[in-house]
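Report on the structure given below.
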Amino acid sequence: MMKTLMAATLCLAGMPVVAQQSFAAPEGCEGKLTVQQKGCVMVNVWTCEADEPGDQWIALISQNGVFSVQKVDDEFQWVESYKLDGREELRQPADDPASLTELFSSQIDTWDFVIETEEGIERNVGYDQLTGEETVIDGEVLLNTEFQGRTLDGEGNEIEASSGRQFVSEEHRLFFFGEAWDQATPGDVIDMSPVEFIYPDEPGFFSATPKFECNVNEASFQP
């Protein structure tokens, strides 16, 4: 799913905009996974005792610090997120919910859902499709996907139209960034593919400092 790959460009309110050496999960929560990616971006993943089974939290971090914190459920629905411009929340039930179960069983999953933001509603329409290929990155077996998606405002005006290729993990029930481009400028490709998967007790787990491509053209992704 085109999880903020093209649109998340603001730092999380209240978070520092300088590089940190470590990152801590909130109280009552447990860190699960760190993924260092291309484009000078990384993610930390954790779960919390108070949440529903299968819920996961994802912090997206650039060289300037955390720019988005998102909660997803077991189907990778975007339940809620926190950014500089405020909280966003999924309107439930969705007309066509995102579903990893559907994707894994049918090879394709369409989605049509509304996110309520501080500025109004945003409707997201599109699909994810398995290509039938696998990619192994740092020992992790990932399924290759293709997606197309559109974001519309409350009046039906198109805000964004994106296409791309991503990765999805059956083990973690998570999507990971790959390549994406705006449909109006398909030559301008953003690549934030995973490079390293880091687990608890391994060096670099829950770091707050991206490692890869941070000195290439001032980093390809800077919120």
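Bear in mind that the values in this text are calculations on the coordinates, not laboratory data. This structure is a prediction, so every number in the text was calculated from the model and none was measured. Every residue, glycine among them, receives a Cβ derived from its backbone with ideal geometry; neighbour counts consider all protein chains shown.
Structure above, values below:
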| read-out | value |
| --- | --- |
| Rounded to the nearest 20 debye, dipole of the chain from Cβ charges on Lys, Arg, Asp, Glu | 640 |
| Shape of region 19-99, Cα gyration tensor, a/c cut at 1.5 | prolate |
| Whole-Å semi-axes of region 80-142's equivalent ellipsoid (Cα gyration tensor) | 28, 17, 9 |
| Largest to smallest principal axis extent of the C-alpha atoms in the chain, angstrom | 43, 41, 39 |
| Theoretical gain in end-to-end length, ASP182 to PHE104 [0.36 nm per residue, Cα-Cα removed] | 25.5 nm |
| Among ALA25, ALA50, ALA59, residue whose mean-square fluctuation peaks in a GNM of the chain (springs only between Cα atoms under 10 Å) | ALA50 |
| Mean residue ellipticity (222 nm) of the chain, computed from DSSP H runs ≥ 4 via -39,500 (n - 2.57), nearest 500 | -1000 deg cm²/dmol |
| Value of relative contact order over the chain, rounded to a whole percent, pairs C-alpha under 8 Å and six or more apart | 24 |
